[in-house]
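Asker: So that we are looking at the same thing, I have put the structure below in structure tokens.
The values are calculated or read from the model by the stated rules, or taken from the named source; none is laboratory data. What you see is a predicted model, and the numbers here were worked out from it, not measured in a lab. As a convention, Cβ positions derive from the backbone with ideal geometry for all residues, glycine included, and neighbour counts pool all protein chains shown.
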Amino acid sequence: MTSLLLRRLLEAVLVFFGVTLVIYVMVYTLPGDPVSALAGDRPLTPSVVAALREQHHLDEPVLAQYGHYLAGLFHGDLGADFSGVPVAEQMADRWPVTVRLALTAWGVEAVVGIALGVLAALRRGTWTDRAVLAFTTAAVSVPVFVLGYTAQVLLGVRLGWFPVAGDSAGWPSAYVLPALVVAVFGLASVSRLVRAEVIDNLSADYVRTAAAKGLSRRRTLLVHVLRNSLLPAVTYLAVDLGLLLGGTVIVEGVFNLPGVGQLLFQAVQAHTGPTVVGVATALILVFLAVSVLVDLLNSLLDPRIRRD
Amino acid sequence: MTEPMRATSSGGAASPTAVPAGGPAADERKGSPGGVPAVPFADRSVWRLLRRSTVFLVSGGATVVLLVMAVWPGLFAGWFGHGDPRSCDLDHSAQGPAAGHPFGFDTQGCDLYANVVHGAGTSMGVGLLATGCSLALALLLGCLSGMAGRVVDSVIARLTDVFLGFPFLLGAIVVLSSVTTRDIPTVAGVLALFGWPPMTRVVRASVRSAREADHVLMARSMGAGTGWVVRRHVLPHILTPVLVLASITVGSVVVAEAGLTFLGVGMQAPAISWGLQLATAQNSFEAHPHLLLFPGLFLSVTVFALIAFGDSVRDALNPRTR
Amino acid sequence: MADGESGSTREVGHDPQPHGGVRVPVLEVEDLSVELLRPGGTPHLAVERVSFTLYESETLALIGESGSGKSLTAMAVLGLLPGNVRASGSARYRGTDLLTLSEAGLRALRGKHLATVFQDSLSALNPTLTVGFQIAEVLRVHRGLSRRAARSAAVDLLDRVRIPDPARRYGDHPHQFSGGMRQRAMIAMAVALGPDVLIADEPTTALDVTVQAQIMELLAELREEHRSALLLITHDLGLAAGTADRVALMYAGRIVEQAPAVPLYERPAHPYTRGLLNAVPSLDAPVGGLVPVPGAPPAPGAFPGGCVFHPRCPSARDRCATQRPELEAGADGRTTACHYPLDPLDPPGPQRPSVPKNPHGPQEAPRA
């Protein structure tokens with residue numbers, strides 16, 4: 001048991017070094033001058049260039065550069081923008097917005113996704129089932145920014161049901177529409193997973209055993225079938241929490257929610273390279289951390305994985 | 001007498017033999033066949049099933065039309081008499097649909113219909129190129145990983161883990177924001193960089209299950225070499241699950257390209273792309289919804305067709321759902 | 001409840017009653033047919049007009065090859081057929097027809113009065129719930145026991161089926177049990193409420209031979225203790241020989257011969273029975289003495305006309321291909337569906353040794 005946990009942790013550490021190395025190599029060591037690439041079209045004064053080169057240790061050997069970069073990461077240093085404001089500082093008071101949005105979306109995804117999946121499975125082959133299937137396929141096909149703007153124009157501007165943008169209305173009303181948009185993709189996946197699993201489990205031998213024991217259909221469904229069917233969905237949901245934290249970039253941009261994602265959105269549009277790299281790295285690391293936690297929890301919870 | 005059937009558990013491909021057509025086993029419990037299908041494409045019953053599937057016909061037809069549109073946009077663009085996407089007139093900026101301009105004009109006053117038609121090329125180009133590169137990489141690494149020894153396998157597995165550690169979009173943002181010129185090959189290359197790991201896993205699992213199949217063990221025991229086994233047994237076996245995954249991957253690459261371009265780290269201005277059309281119009285959607293509607297619709301329909309196509313093939317091949 | 005006479009006239013003159021007194025039927029199956037419905041096609045008949053009676057605290061073995069319809073018969077009695085299968089006829093549990101009973105009515109009987117032991121207990125047990133929970137569940141649902149009371153009762157049951165360290169094993173998941181232990185747990189679940197009728201569907205097929213013997217012993221012991229009747233579904237003649245009071249042989253969806261165990265094994269009247277017995281290895285038979293039944297059993301939908309066995313029957317004549325034989329009463333309380341039954345009083349064929357010794361361990365040969 002402990003050895004399993006240790007192995008997982010070791011793998012996670014390897015992945016961490018791998019991911020940071022890939023980011024570093026991609027951003028700072030590809031052919032071409034990283035400083036001008038990060039600056040985009042912006043004209044830089046020689047003094048700023050010198051400061052940036054100094055800041056990123058660009059005149060040292062590559063491995064040493066990566067060492068400095070890693071050391072910085074461990075101190076929470078994600079670099080600074082062109083005016084010298086540390087990226088970590090810019091993100092600090094934006095986290096609550098992003099976390100709130102991600103958690104709301106996550107809740108929607110879990111509740112609606114599971115409900116739709118179970119419904120479709122129980123009504124297998126009927127029009128309800130086909131409608132759920134059509135909806136989920138369509139939902140996966142519409143890119144999130146198209147969906148976001150459509151929802152904003154239709155439900156926000158035309159119908160006036162939700163605030164159009166910004167977070168001045170506070171939780172929940174300012175978050176419902178963005179959360180729905182963020183959740184749609186994962187919701188579709190969750191409902192498909194749950195549907196397939198429930199259908200599979202309904203024909204499993206242990207369901208017949210439950211019936212032979214005299215259990216009601218309701219109890220069989222709630223205690224036996226759902227428990228087994230939800231495991232993959234729960235795993236998916238857990239991993240998705242990490243993705244949602246990163247997937248809020250476009251939606252926060254579209255709905256103008258002042259979260260970390262919006263910072264990234266604005267930095268990309270303003271071609272502020274260092275901020276883009278810093279924020280994206282932070283989000284990737286959050287995703288990694290959540291995945292590792294989920295993986296550990298999963299191996300603790302699923303009795304079938306737990307055996308050594 | 002009653003041999004409990006065990007499906008291969010790894011979530012990879014199922015048993016190597018085609019599933020018998022029917023013959024209800026009355027007395028015996030049916031073992032649950034698991035995993036991704038492995039019915040060869042040549043299986044007639046699969047084609048018969050596909051020919052009767054509306055989803056397959058519609059999505060397949062749409063995919064073909066989109067491919068034609070991507071390669072020869074001129075065939076479609078000129079239908080209403082204004083086929084040149086670059087002949088623009090600022091006087092018409094963002095005007096709605098009019099005679100000869102069924103989709104209206106974009107903010108530059110160019111014919112939106114011609115632009116939307118020409119956008120298919122970029123989307124399909126990036127989608128196919130990125131998927132092709134991922135696929136090539138996945139086949140190479142997956143076969144290596146599946147056929148070679150433990151060391152190679154675990155090195156490739158760790159490498160896969162690292163690239164799976166990136167959320168698709170964020171990884172691409174980081175890399176693309178430090179690239180100065182971004183055209184179809186660059187964007188496709190970066191998307192391929194983050195797109196190969198899931199496919200590699202599927203290939204590896206399929207290779208493993210193919211390799212351990214009885215008929216392959218038999219071939220080996222009769223002296224077949226690794227190259228022969230890969231060509232004659234492993235590749236045909238993994239073809240279907242990989243192609244299904246690839247068709248769905250094209251869909252998600254198209255979405256990713258549009259999203260990145262929309263953000264400003266994808267395709268750049270002189271190119272014609274649905275993502276760019278949406279990005280340049282993003283502040284006018286409230287006043288001119290047609291600027292959102294038409295590129296958005298084409299984009300969504302393309303993705304829908306690709307995903308539904310992959311889904312319907314998978315369903316037809318999956319003995320559990322047919 | 002003492003309507004002894006509905007137990008069908010065919011049963012007159014059966015073997016000596018081990019418990020003495022009037023035999024009370026608990027389960028009377030009459031003209032049970034099961035059809036497999038096929039979308040857009042004619043239904044396949046998988047079980048055809050099967051009748052048998054199970055008396056209180058006796059063991060009846062239903063024997064047949066794969067596809068003979070034995071499991072479908074049992075599932076039809078329990079109302080556990082899948083959606084694409086339809087049953088007709090009647091199956092009365094103490095006078096109540098189970099085939100027409102409501103789902104709620106069935107539910108009240110299942111697990112409590114009619115309990116089942118399934119074949120492959122790895123898939124028959126829920127993989128994500130503990131074994132203990134699944135046993136306790138029966139007690140909680142039918143007796144309304146509290147979680148705690150059900151738990152201690154379940155631990156007692158695990159102990160009763162000789163699972164070592166039951167209090168600790170209560171919290172194990174099915175995959176942590178060995179095959180034999182899982183089957184014991186399955187039996188514990190079935191006997192938890194002292195059922196009237198125990199249906200065991202191939203209870204030992206997936207197990208090693210030595211474990212098989214232990215399981216059958218345990219099953220017999222608990223059946224005795226709760227005075228349950230046992231309907232044993234199996235393809236294993238040897239297994240049935242060691243356990244059953246009476247044996248019904250199924251072939252291609254029909255019962256072809258039914259008789260008390262001893263006469264059936266010693267003097268089979270149906271050519272199929274004799275063929276099967278010749279194909280069973282036995283300790284006192286020479287190694288070369290096995291004679292397989294030629295051909296293969298038909299699949300549902302392809303059952304032959306006339307006598308279902310005629311294409312494989314060594315003594316078939318013209319009539320067998322056209323006219324279906326009905327079950328007819330013979331000596332020793334047997335019924336046989338054959339136009340030309342073997343003379344039961346004839347000595348068995350030269351290659352046929354007498355009663356097969358049960359090859360499975362410590363049990364005795366069928367009582368003489």
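Asker: Tell me, which residue of the range C:76-102 that is at the interface with chain A (Cβ under 8 Å from one of its Cβ atoms) and either more than 24 Å from C:Q258 (Cβ to Cβ) or not in a loop (DSSP other than H, G, I, E, B) (or both) is modelled with the lowest pLDDT?
Answerer: Going through the qualifying residues, I end up with C:P82.
Asker: For the structure I just gave you, tell me whether A:D81 is free of Cβ contacts under 8 Å to residues at least 24 places away in the same chain and charged (D, E, K, R).
Answerer: Numbers: free of Cβ contacts under 8 Å to residues at least 24 places away in the same chain: no; charged (D, E, K, R): yes.
No: the conditions fail for A:D81.
Asker: Within the bounds of the range C:195-213, is there any residue that is away from chain A (no Cβ under 12 Å), surrounded by 24 or more Cβ atoms within 10 Å (Cβ to Cβ), at negative phi and among the hydroxyl-bearing types (S, T, Y)?
Answerer: Yes, the range C:195-213 contains a residue that is away from chain A (no Cβ under 12 Å), surrounded by 24 or more Cβ atoms within 10 Å (Cβ to Cβ), at negative phi and among the hydroxyl-bearing types (S, T, Y).
Asker: Inspect all residues belonging to the range A:151-165 and state whether any of them is among the aromatic types (F, W, Y) and part of a helix (DSSP H, G or I). Step through it out loud before you land on a result.
Answerer: Of the residues in the range A:151-165, the ones among the aromatic types (F, W, Y) are A:161-162.
Imposing the further condition that a residue be part of a helix (DSSP H, G or I) reduces the set to none.
Checking the range A:151-165: not a single residue is among the aromatic types (F, W, Y) and part of a helix (DSSP H, G or I).
Asker: If C:G69 satisfies all but one of (1) in contact with a strand residue (DSSP E or B) (Cβ under 7 Å, 6 or more places away or on another chain); (2) in contact (Cβ under 8 Å) with a residue 40 or more places away in the chain; (3) more than 22 Å from C:H142 (Cβ to Cβ); (4) within 14 Å of chain A (Cβ to nearest Cβ), what's the number of the condition it fails?
Answerer: Single failed check for C:G69: (4).
Asker: Now, a different point. Give me the pairs: first residue in the range C:201-224 and under 15 Å from C:S57 (Cα atoms) and among the aliphatic types (A, V, I, L, M), second residue part of a helix (DSSP H, G or I) and modelled with pLDDT of 90 or more, beta-carbon distance under 6 Å, and six or more apart or on different chains, which are they?
Answerer: Sorted first by the residue in the range C:201-224, then by its partner, the pairs are C:L222/C:V191.
Asker: Test B:A138 against the criterion of being more than 9 Å from chain A (Cβ to nearest Cβ), under 25 Å from A:F16 (Cα atoms), part of a helix (DSSP H, G or I) and touching a residue at least 24 places away in the same chain (Cβ under 8 Å), and give yes or no. Before you say what the answer is, go through the steps one by one.
Answerer: On the way: more than 9 Å from chain A (Cβ to nearest Cβ): yes; under 25 Å from A:F16 (Cα atoms): yes; part of a helix (DSSP H, G or I): yes; touching a residue at least 24 places away in the same chain (Cβ under 8 Å): yes.
Considered against the rule, which asks whether it is more than 9 Å from chain A (Cβ to nearest Cβ), under 25 Å from A:F16 (Cα atoms), part of a helix (DSSP H, G or I) and touching a residue at least 24 places away in the same chain (Cβ under 8 Å), B:A138 comes out as yes.
Asker: Of the residues A:E89, A:E109, which is among the acidic types (D, E) and surrounded by 18 or more Cβ atoms within 10 Å (Cβ to Cβ)? Steps first, please.
Answerer: Numbers: A:E89 fails: surrounded by 18 or more Cβ atoms within 10 Å (Cβ to Cβ).
Just a single option satisfies the conditions, and that option is A:E109.
Asker: List the helices (runs of 4 or more DSSP H) that sit entirely inside the range A:51-150 and contain at least 3 residues that are farther than 30 Å from A:E197 by Cβ. Working first, answer last.
Answerer: Working: elements: A:62-74, A:87-92, A:95-122, A:127-141.
Passing ranges, in order: A:62-74, A:87-92, A:95-122.
Asker: Output the number of residues of the range C:172-194 satisfying the condition of being closer than 26 Å to C:L145 by Cα and within 10 Å of chain A (Cβ to nearest Cβ).
Answerer: Of the residues in that region, 8 qualify.
Asker: Next question, about the same structure. Could you list, in sequence order, the residues of the range A:184-228 that are under 21 Å from C:S121 (Cβ atoms) and touching a residue at least 24 places away in the same chain (Cβ under 8 Å)? Before you say what the answer is, go through the steps one by one.
Answerer: Step one: list which residues in the range A:184-228 are under 21 Å from C:S121 (Cβ atoms), which gives A:200-215, A:219-220, A:223-225, A:227-228.
The answer is A:D200, A:N201, A:L202, A:A204, A:V225, A:N228.
Asker: Okay, next question. So C:H175 fits all but one of (1) at pLDDT below 90; (2) closer than 30 Å to C:P25 by Cβ; (3) not hydrophobic (A, V, I, L, M, F, W, C); what number is the exception?
Answerer: It is condition (2) that C:H175 fails.
Asker: Being touching a Pro at 6+ places or on another chain (Cβ under 9 Å) and part of a helix (DSSP H, G or I) is the filter here; which residues of the range A:246-257 pass it?
Answerer: Going residue by residue through the range A:246-257, those that are touching a Pro at 6+ places or on another chain (Cβ under 9 Å) are A:246-248, A:250-252, A:254-255, A:257.
Within the range A:246-257, A:G246, A:G247, A:T248, A:I250, A:V251, A:E252, A:V254, A:F255 qualify.
Asker: Would a scan of the range B:221-230 turn up a residue that is aliphatic (A, V, I, L, M) and under 30 Å from A:R8 (Cβ atoms)?
Answerer: Of the residues in the range B:221-230, the ones aliphatic (A, V, I, L, M) are B:222, B:224, B:229-230.
Checking the rest, the ones that are also under 30 Å from A:R8 (Cβ atoms) come to none.
Within the range B:221-230, none of the residues are aliphatic (A, V, I, L, M) and under 30 Å from A:R8 (Cβ atoms).
Asker: Being closer than 22 Å to C:P311 by Cβ and more than 15 Å from the chain's Cα centre (by Cα) narrows it down to one of C:P281, C:P271, C:P195, so name that one.
Answerer: C:P271
Asker: If the Cβ limit is 7 Å and pairs must be 6+ apart or interchain, which residue in the range A:145-161 that is facing another protein chain (nearest Cβ under 7 Å) pairs with which residue that is surrounded by 18 or more Cβ atoms within 10 Å (Cβ to Cβ) and outside any helix (DSSP H, G or I)?
Answerer: Close Cβ pairs satisfying both conditions: A:Y149/B:F285; A:V153/B:F285; A:V153/B:P289.
Asker: Still on this structure: Scan the helices (runs of 4 or more DSSP H) fully inside the range B:224-322 and keep the ones with 1 or more residues being more than 11 Å from chain A (Cβ to nearest Cβ) and within 16 Å of the chain's Cα centre (by Cα). Break it down into steps so the answer makes sense when it comes.
Answerer: Details: elements: B:226-229, B:235-263, B:274-280, B:290-317.
The qualifying helices (runs of 4 or more DSSP H) are B:235-263, B:290-317.
Asker: Scan (1) within 14 Å of chain A (Cβ to nearest Cβ); (2) surrounded by 20 or more Cβ atoms within 10 Å (Cβ to Cβ); (3) in a helix (DSSP H, G or I) for the single condition B:T186 breaks and write down its number.
Answerer: (2)
Asker: Moving on. Step by step: first the residues of the range C:51-75, then only those that are in a strand (DSSP E or B) and touching a Leu at 6+ places or on another chain (Cβ under 6 Å), then the one that is surrounded by the fewest Cβ atoms within 10 Å (Cβ to Cβ). Which residue is that?
Answerer: At the first step, the residues of the range C:51-75 found to be in a strand (DSSP E or B) are C:51-55, C:59-63.
Cutting the leftovers down to touching a Leu at 6+ places or on another chain (Cβ under 6 Å) gives us C:54, C:59-61, C:63.
Working: C:L54: 26, C:T59: 24, C:L60: 22, C:A61: 26, C:I63: 26.
Within the range C:51-75, the match that is surrounded by the fewest Cβ atoms within 10 Å (Cβ to Cβ) is C:L60.
Asker: Right, another one. Within the range B:144-165, restricting attention to residues that are at pLDDT below 85 and away from every other protein chain (no Cβ under 14 Å), which residue is nearest to B:T226 (Cα to Cα)?
Answerer: Top of the filtered list is B:M147.
Let's see how each residue does on (1) modelled with pLDDT of 75 or more; (2) crowded, with 17+ Cβ neighbours inside 10 Å:
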{"position": "B:L50", "(1), (2)": "yes, yes"}
{"position": "B:L67", "(1), (2)": "yes, no"}
{"position": "B:S87", "(1), (2)": "no, no"}
{"position": "B:G109", "(1), (2)": "no, no"}
{"position": "B:L112", "(1), (2)": "yes, yes"}
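Asker: Considering only residues of the range C:103-121 that are part of a helix (DSSP H, G or I) and among the aliphatic types (A, V, I, L, M), which is surrounded by the most Cβ atoms within 10 Å (Cβ to Cβ)?
Answerer: So the first thing to find is which residues in the range C:103-121 are part of a helix (DSSP H, G or I), and the list is C:103-109, C:121.
Keeping just the survivors that are among the aliphatic types (A, V, I, L, M) gives C:104, C:106, C:108-109.
Numbers: C:A104: 8, C:L106: 19, C:A108: 14, C:L109: 21.
Taking the candidates together, the pick is C:L109.
Asker: May I pose another question? Evaluate the following for A:L244: is it within 18 Å of A:L293 (Cβ to Cβ), at pLDDT below 85, surrounded by 24 or more Cβ atoms within 10 Å (Cβ to Cβ) and not acidic (D, E)?
Answerer: Values: within 18 Å of A:L293 (Cβ to Cβ): yes; at pLDDT below 85: yes; surrounded by 24 or more Cβ atoms within 10 Å (Cβ to Cβ): yes; not acidic (D, E): yes.
Yes.
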